Amino acid sequence: PTTLLSQLPRSPTDLLRFVPLRPPRFRPGDRVPGYDYQCETLLGQGGFGEVWKAQHILRSTQPAVALKFCLDPTLGVSLKQEIRVWDILNGHNAPEGFVRLYDTAYSAAPPFLIYQYIDGGELIAWLASFDGKRPSVRQVLRVFKMAAQALAFAHHHGIVHRDLKPANIKVTPDGSVE
């Protein structure tokens with residue numbers, strides 16, 4: 001992935017952002033067992049598992065997707081809950097600002113979800129993209145307004161985002177929030 005000079009680590013703590021928590025389950029180029037996807041780039045790791053940018057191997061014109069793997073079998077219940085939440089949101093015509101859940105592979109080993117891939121970065125990276133300068137008040141308000149509208153829509157439908165943090169707010173190169 002592209003890294004701006006302003007995003008280069010300046011301390012050991014900064015460097016930890018670039019080091020995986022554990023060796024990844026997959027590697028770039030690996031095919032997902034039983035599915036026509038090939039992993040390209042590790043996008044993130046957490047207690048839940050891993051998220052990979054992937055490409056369909058047979059349909060080269062299909063846009064890249066994000067595969068969210070559940071690597072901890074005890075968290076399978078959480079994966080089912082995530083599927084239910086997205087079904088509720090999609091059933092109410094979720095507006096812009098929500099990453100789309102395309103499909104599920106709950107019975108795969110390991111189970112995973114197929115999400116829309118967002119070409120952008122997390123909120124902190126968006127702020128760092130200003131190379132030490134401050135974004136305009138208008139830019140900041142635009143980003144936070146989009147995030148707040150998405151949260152309001154979810155709350156209106158009985159959904160509470162239980163993991164709201166800068167890493168879960170994706171900002172595209174054009175400044176849209178997903």
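Listed values, structure above:
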| item | result |
| --- | --- |
| Fraction of alpha-carbon pairs over 29 Å apart in the chain - percent | 24 |
| Whole-angstrom gap from the stretch 23-54 to the stretch 99-121, using each part's C-alpha centre | 11 |
| Average accessible surface area per residue within the chain, 1.4 Å rolling probe, Å² | 64 |
| Sites residue 41 and residue 92 - FRET efficiency at Förster radius 35 Å, r taken between beta-carbons, to 0.05 | 0.65 |
| Apportionment of accessible area to carbon and sulfur, the stretch 1-148, percent (1.4 Å) | 57 |
| Hull volume in cubic angstrom per residue (convex hull over the Cα atoms of the stretch 44-121) | 109 |
| Leading residue at positive end of dipole, the chain (Cβ point charges), from 135, 89, 48 | 135 |
| Of 106, 115, 35, the one that fluctuates the most in a GNM where the chain has Cα springs shorter than 10 Å | 35 |
| The stretch 1-147, dipole about Cα centre (Lys/Arg Cβ +1, Asp/Glu Cβ -1), debye to the nearest 20 | 360 |
| Lysine pairs with alpha-carbon atoms under 29 Å apart, the chain, spacing 8 or more or separate chains | 16 |
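The values are calculated or read from the model by the stated rules, or taken from the named source; none is laboratory data. Keep in mind the model is a prediction, meaning the values are calculated, not measured. Every residue, glycine as well, gets a Cβ built from its backbone with ideal geometry; the counts of neighbours run over all protein chains shown. Remember, those area values only see protein heavy atoms, side chains included, never the ligands or the DNA or RNA. Shrake-Rupley method; radii C 1.70, N 1.55, O 1.52, S 1.80 Å.
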